[in-house]
Structures are given as C-alpha cells and as structure tokens.
Amino acid sequence: VVYLGVLSSWNRRMNLVGPSKWQVIFDELFADSFYLAKVLSERVDASAKLQTLDLGAGAGIPGIPLRILWDQGKYTLVEIREKRVVFLRFVLSKLNLAGTQVFADRAEKILLPEQPAHIVLSRAFMPWKKLLSFVRPGLKDTRMVIILAREPWTGEHAQDIPAGWSMDEESAYDTSRGKRYFWFFSPMSA
C-alpha cells in the first residue's frame, strides 16, 4: 500500500509509469510481481543466498512489489536515470525491504565476474537476444535469466537463442490486459 501510494503521487509529477490511476497501476503493472514471486518461490531453494539483479528497474516494477512478497537473498534495482534512482531510493527509505538496494550506474558496472549474480530479471532493458550475451560474464551458480514477455515463446524465438544458452521454461499467466509470460534461460556449461 505504501509503495502504491508513493508511486501514484510521484507519477503525477514525474511520469514514472503510463497509467495514472492507482487501480490501473495495480491491475496492469503489479500482476507480474505477484506471479513472479510465486514462480520464484517454487523454483528457488529458500535457503539459498542469492544475488538478484533487476536491470532497468525504472519505477521499481516488478522489483519492489516482488521484494514485498519474495524477500530471498540480496536484490539490486539497477537504474541509471537519475529521477528514477531518486524515486527508488525514496521508496526504499519508506519500506523495510531487507537486502534491497539501488545501483545507480550502468549495468555493465555491476555485471562483473568478481561479484556475480545468480538471477537477472529484465522487462525491457534491451532485446532478449542481446541481453543474454550482455549478462553472461556476470552470472554464477543458479544462473537464471528471466525475461518478462508479452508474447508466447515460439519456434521462431528458438532459432534466435545465442550460442551457449538454453531456454529452460516458459510460464504463462493471465492479467487484466491478457496473457503475459516469463521466459527462463540458463547458460549451458562450457
């Protein structure tokens, strides 16, 4: 409730998300977070100490609602745009989300082999094909990349997977605006 209120208020001044009414923001944008929390709870060992990176975190969706529901490990909202960084830091100062932080710089500065991530999330940071190659050097152990997609996985997509990657699973769910999808990728062993 706190996050939704702050987002609605700041959105009127800063245009953080498209919808302006809190009900629409909740129905159309938070659904991803609810379903993703459920999927991650089923897929990830609850005792694992994970580092999750949310690339291009923007206004904190899916990251902040996800962290409210799934508080496992460390979660870093990666965002370079200053007004969004200010917003994210303000929101985090109002919430008690342990292990959650904002990284205010270019993503390649956090995707490093010496501090690897276990899970990388992306909604629209860059096209998924480029993203897989971009994040590869900074992944470790669990090594899962989750793409939030608006279309189902097809045979045509399969032809575009970069070498060294496998598409492990697609998870579909319904929202007020139709079906959405999570695509789960992992790098293949060398």
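The values are calculated or read from the model by the stated rules, or taken from the named source; none is laboratory data. What you are looking at is a predicted structure, and each value in this text was computed from that prediction instead of being measured. For neighbour counting, all protein chains shown are included, and Cβ atoms are generated from backbone atoms with ideal geometry for every residue, glycine included. Just so you know, the surface numbers come from the protein's heavy atoms only, side chains and all, with ligands and any DNA or RNA stripped out. Shrake-Rupley method; radii C 1.70, N 1.55, O 1.52, S 1.80 Å.
Summary table below
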| quantity | calculated |
| --- | --- |
| Alpha-carbon centroids, region 46-82 and region 87-115: separation in whole Å | 8 Å |
| Using alpha-carbon coordinates, inclination of helix 82-94 to the longest axis of the chain, degrees | 70 degrees |
| 222 nm mean residue ellipticity, helices alone, for the chain (DSSP H n ≥ 4; -39,500 (n - 2.57); rounded to 500) | -10000 deg cm²/dmol |
| Net charge of Cβ neighbours under 13 Å - reference GLY5; Lys, Arg +1; Asp, Glu -1 | +3 |
| Å² of accessible area per residue within the chain, as computed with a 1.4 Å probe and no ligands counted | 50 Å² |
| Label-to-label distance, nm, for residues given as ARG150 and ILE110 (7 Å Cα→Cβ offset) | 2.5 nm |
| Accessible surface of region 1-123, 1.4 Å probe, proportion on carbon and sulfur as whole % | 53 percent |
| Distant alpha-carbon pairs in region 1-62 (separation over 17 angstrom), percent | 48 percent |
| Cleavage-rule hits, trypsin sites (Lys or Arg not before Pro), region 88-147, DSSP coil, Cβ neighbours within 10 Å at most 15 | ARG106 |
| Net length gained if the chain between VAL2 and ALA46 were fully extended (0.36 nm per residue, minus Cα distance) | 13.2 nm |
| Reciprocal mean inverse distance between Cα atoms of region 39-141 - Kirkwood radius, Å | 13.9 Å |
| Restraint check, LYS94/LYS129; LYS109/LYS129; LYS49/LYS94; LYS74/LYS179; LYS49/LYS109; LYS21/LYS49, Cα-Cα greater than 31 Å | LYS94/LYS129; LYS21/LYS49 |
| Taking all pairs of distinct alpha-carbon atoms in the chain, Kirkwood radius in angstrom | 17.0 Å |
